[in-house]
Each structure stands twice: as structure tokens, then as C-alpha cells.
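Here's the structure we're looking at; comments come further down.
The values are calculated or read from the model by the stated rules, or taken from the named source; none is laboratory data. Note that the coordinates shown come from a computational prediction; the quantities given were computed from them, not determined experimentally. Here the Cβ positions follow ideal geometry from the backbone for every residue, glycine too, while neighbour counts run over all protein chains shown.
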Amino acid sequence: MATDLQAPALPALRRARAGVAACFFTNAVLFANLVPRYPEVKDRLGLSNAAFGAALAAFPLGSLLAALSAGALIRRFGSARLASSGLVLLAVALWAAAVAPAWWVLAAALLVGGALDAVVDVAQNAHGLRLQRHYGRSILNAFHGVWSIGAVTGGLLGSAAAGLGVPLAVHLAVSTAVFSVLALLSARLMLPGSDTADRAPDRLPGDAAPGHATSGDAAAGRGSVRRAAVPMLGALGVLVVCGAFVEDAGASWSALYLRNDLGAGAAVAGLGFVALQSAMTIGRLTGDRVVDRFGQRRVARAGGVAIAGGMGLALTFPSVPATLAGFALAGLGVATLIPAVFAAADAPSGLPHGTGLAVSNWLMRIGFLLSPPLIGLVADAAGLRTALLTVVLAGAGVLVLGRVPRTSVGPERTPARPDQ
């Protein structure tokens, strides 16, 4: 019996690629669309800073509670249906947060929203990786680049609505309707059927040919592979946490460092975040071709050098231009790291489908949760310049562990034409 099955027709792959891109874009735009209007939510409910912060913390809490369930949900419902329906529910949850009449409703809506965001994130990456296996080359980085574009778009939409005085309830109701339709349309574009139907079965080192291995040998081999998968996921978890530290440093601390330590004005201080995000978006949109040419491991380790070297030079010679360049190099270095970790975690490993991807996504969220308070504690004790050395350490970690992801993206089935 032939083991190499033909991939779906090229038009179907192209449609699925558009559908996955729509999911990533919608996932990003929904939340970013609300963020610029947070001050109105806080003022309308009359919340203190502490109470509002506690409500906002419900979103990452919900994501941590739900992320590990995503693998089982993908096996039950399929990644396409789970991603699209989850996006519709996420839109409704964020609308509920925007119009919440009380603190507990706001917190509950954000808790549910965070849970849905985590599940959607795993599902859309799972479908993107399914599609990547059919293409036989890297395409996942571009999806993450589309996510970055969606985040910027959402922020601009929210800011424009606030500036034009559009009522919050109307603004979120319209965006919920529009992006829910986009989410439902994306499901019709994505690949049909089970996520495991067109996935090559796990082949273990030393496996006998199909039909010749005994059930006892197969069970023992799979148990060995599952045990070997645990340290692999641990190493990938450290990598993805390093990536979270780098991204959060630019988002949470770059403006404070530029303003308080280097004396930059308000307009210039915000450019640290812009430099990191812009470089990261460019790196993701161009990263697939780079990965295909040089391999995941070389790209990851070169990224570690860019992160550690760029921020190391910026902190050694503190100035506004050097710091902006350092954050840009850090953004470029981290651009393909999280997609590489997700691809490696999703590779067949003897674990149930979706488990590795769900675990790595959960660990990434742990990294984003721990990074701000850890950097803040070091900053209080030794200054923010010293605290940002954690970015250099994260880059060193990426350099050391960059050999963990697979060298290249190989097809499990007959691939699509490589130029499509």
C-alpha cells in the first residue's frame, strides 16, 4: 500500500492559506480594537487603578486556564471549526467586556475572552502547520506577520473610533459583527476533515515495517518516544519563554527606559516599541524564505546572536539611537522563534495530536505573565538598565537552545509546488 498520499489540489491549498491568514488577522484585530478604549471602560465603571488592573489580569488568567485543553478540543472538533467558532465567541466576549455594567462582569468577560484567545491561538497555529506540511516548506512565519499587521490595524481602528467619538457599545457591536462574519468565512476556506487524516503516522526509530511489528514492541516504542518528548518540550518551553521575555521587554519597558534613563521625549520614547514590532513584523513576513534557505536551527541561533548582541551593545553604550537599534535587532532576532517552537512542538512525537502545540503555547503565556514582574523587581533593586540585561540573557538562551528545533520543514505528503 502506498504511504505517500497526494496533497489537496493547489487551489484548495491557496484558499486554506487565505483562511488561516484571516484567522490570524481577526484574532489580533479583535483585542487590539478594544485596547485604545480601555480608559473609557475604566472611567464609566468608576474603577481605581488597582481594581481595573485586577480585571485586566483576568484575560491572561483565562488563557492559562484554557490553553492546555486546546489539544483535546482540536482532536474533538478540528482546528478549522475550533478557530472560526472560537473567534466569534471571542468577539462576543470582548463586546461584553466593553459594555460591562459592573466590575465583576468586566472581569468575567475578560476571563472568558482570555480562555477563548488561547484556544483560538493553538487552533489557528495547528491549521497553519497542517497546511505547512502540505506545502513542504515554511509558511507559518507569514501568518504570524499577518497577526502583527492585525494588531496594528485593530489599534488604529480603536483609536480612530475613540477620536471620532463613536459610542463604545456601537463601535464594539459593529466590529463584532464584521469580524465574526470574516471568522465564519475563514472556516469555509480552510482544509476540511480531521487534522490527523492527512498526517503521516509517527514512525519510531527502529520501528519495523507496517504489519511486521508486534503490539508489544509498538507499545514499548511509543512509551519510549513519549518519555523522550518531555525533555524536548521542556527545551522548547525555555526557548518560547526567552522569546516572550524579548517581546515583553519592548512592549512594557522600552518607553520607560528611553524616557527615564536616556532622557528621551514622549514621542521618541514610544519608538522603542515601534522599532521592535516593526522589525519583528518584517522578520516574520520574510522569515519563511530565510528558514527554507538556511534551516530553522541556523536562523534561531542567528536570532539569538542578534538579540544578545544588539541589546548588549545598546546597554553598553547607552544612547537613544543605539537603544532603538538594539530593540530593532532584538525584534528581528525573535521574529521567527515562536513559530519555530510551535512547528517543532507540533511534529509527530508519540503524543496525542495537538498536545505539544498546546503545551508550548501555555508555556509562552507563562513567559508573558512572568516577564513584567521579574524585570520590574530587578529594576527596583538595580535599575532598569540592569534589568534589561535579561534580554541579553534571553538571547544567549536562544543561541544555546537554538539547535532544538528541526533543521528544515519537510513534507509529510507529496508537497505543493514550492513556488506557490
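Just so you know, in the range 148-157 the residues that are touching a residue at least 60 places away in the same chain (Cβ under 8 Å) and surrounded by fewer than 24 Cβ atoms within 10 Å (Cβ to Cβ) include one that is nearest to the chain's Cα centre (by Cα), and it is S148.
Mind telling me which of the residues L110, L94, L87 ends up being part of a helix (DSSP H, G or I), farther than 16 Å from A58 by Cα and touching a helix residue (DSSP H, G or I) at 6+ places or on another chain (Cβ under 8 Å)? Give the derivation first.
Values: L110 fails: farther than 16 Å from A58 by Cα; L94 fails: farther than 16 Å from A58 by Cα.
Step by step, each of L110, L94, L87 is checked, and only L87 is part of a helix (DSSP H, G or I), farther than 16 Å from A58 by Cα and touching a helix residue (DSSP H, G or I) at 6+ places or on another chain (Cβ under 8 Å).
Pairs linking a residue in the range 242-256 that is among the polar types (S, T, N, Q) to a residue that is in a helix (DSSP H, G or I), with Cβ atoms under 7 Å and 6 or more positions apart or on different chains, are S252/P372; S254/G272; S254/F273; S254/L276; S254/F327.
Would you check if there is a residue in the range 118-129 being small (G, A, S), in contact with a helix residue (DSSP H, G or I) (Cβ under 6 Å, 6 or more places away or on another chain), within 25 Å of K42 (Cα to Cα) and outside any helix (DSSP H, G or I)?
Residues of the range 118-129 that are small (G, A, S), as a first pass: 118, 123, 126, 128.
Still in the running and in contact with a helix residue (DSSP H, G or I) (Cβ under 6 Å, 6 or more places away or on another chain): 118, 123, 126, 128.
Filter again for within 25 Å of K42 (Cα to Cα), leaving 118.
Remaining after also requiring outside any helix (DSSP H, G or I): none.
No, the range 118-129 contains no residue that is small (G, A, S), in contact with a helix residue (DSSP H, G or I) (Cβ under 6 Å, 6 or more places away or on another chain), within 25 Å of K42 (Cα to Cα) and outside any helix (DSSP H, G or I).
When A279, A306, A344, A300 are checked against the criterion of being in a helix (DSSP H, G or I), at pLDDT 95 or above and aliphatic (A, V, I, L, M), A306 stands alone in meeting it.
Looking at A220, A187, A209, just one residue is modelled with pLDDT under 50 and closer than 25 Å to G356 by Cα, and that residue is A220.
Answer yes or no as to whether A267 is farther than 28 Å from R403 by Cβ, in a helix (DSSP H, G or I) and free of Cβ contacts under 8 Å to residues at least 12 places away in the same chain. Criteria met by A267.
Criterion applied to L110, L131, L106 was being closer than 18 Å to D195 by Cα and at pLDDT 90 or above, and the one residue passing it is L131.
Does L369 qualify as being in a helix (DSSP H, G or I), in contact (Cβ under 8 Å) with a residue 12 or more places away in the chain and surrounded by fewer than 24 Cβ atoms within 10 Å (Cβ to Cβ)?
Values: in a helix (DSSP H, G or I): yes; in contact (Cβ under 8 Å) with a residue 12 or more places away in the chain: yes; surrounded by fewer than 24 Cβ atoms within 10 Å (Cβ to Cβ): yes.
So L369 passes the test.
Report whether or not T336 is farther than 19 Å from F273 by Cβ, surrounded by 24 or more Cβ atoms within 10 Å (Cβ to Cβ), modelled with pLDDT of 90 or more and in the same structural domain as V268 (by TED's automatic domain parsing). It is true that T336 is farther than 19 Å from F273 by Cβ, surrounded by 24 or more Cβ atoms within 10 Å (Cβ to Cβ), modelled with pLDDT of 90 or more and in the same structural domain as V268 (by TED's automatic domain parsing). Going by the structure shown, is G250 surrounded by 21 or more Cβ atoms within 10 Å (Cβ to Cβ), modelled with pLDDT under 85 and either basic (K, R) or assigned to a helix (DSSP H, G or I) (or both)? So G250 passes the test. Listed by first and then second residue, the pairs linking a residue in the range 275-294 that is within 19 Å of E247 (Cβ to Cβ) to a residue that is among the acidic types (D, E) and outside any helix (DSSP H, G or I), with Cβ atoms under 6 Å apart and 6 or more places separating them unless they lie on different chains, form an empty list.
In the range 314-326, the residues that are crowded, with 17+ Cβ neighbours inside 10 Å and aliphatic (A, V, I, L, M) form Cβ pairs under 9 Å with partners that are at pLDDT below 95 and outside any helix (DSSP H, G or I), at six or more places apart or across chains, as follows: A314/L388; L315/L388; V320/L262; V320/G263; V320/A264.
Of the residues making up the range 263-290, just one is more than 15 Å from V398 (Cβ to Cβ), buried (at least 24 other Cβ atoms within 10 Å of the Cβ) and either of a type in the set (D, E, K, R) or in contact with a Pro (Cβ under 9 Å, 6 or more places away or on another chain) (or both), namely R284. Screening the candidates A67, A72 for the property of being crowded, with 24+ Cβ neighbours inside 10 Å and over 17 Å from L34 (Cα atoms) yields one hit, A67. If the condition is being within 25 Å of R130 (Cβ to Cβ) and surrounded by fewer than 24 Cβ atoms within 10 Å (Cβ to Cβ), then the range 79-100 contributes R81, S85, V88, L89.
When the range 130-142 is filtered for residues that are part of a helix (DSSP H, G or I) and small (G, A, S), only A142 remains.
Per-residue answers, yes or no, for (1) free of Cβ contacts under 8 Å to residues at least 40 places away in the same chain; (2) among the charged types (D, E, K, R); (3) within 23 Å of L369 (Cβ to Cβ):
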{"position": "R81", "(1), (2), (3)": "no, yes, no"}
{"position": "A97", "(1), (2), (3)": "no, no, yes"}
{"position": "A123", "(1), (2), (3)": "no, no, yes"}
{"position": "F143", "(1), (2), (3)": "no, no, no"}
{"position": "L164", "(1), (2), (3)": "yes, no, no"}
{"position": "L168", "(1), (2), (3)": "no, no, no"}
{"position": "L182", "(1), (2), (3)": "no, no, no"}
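Residues in the range 368-375: is at least one within 18 Å of the chain's Cα centre (by Cα), farther than 24 Å from R259 by Cβ and among the hydroxyl-bearing types (S, T, Y)? No, there is no match, as no residue in the range 368-375 is within 18 Å of the chain's Cα centre (by Cα), farther than 24 Å from R259 by Cβ and among the hydroxyl-bearing types (S, T, Y).
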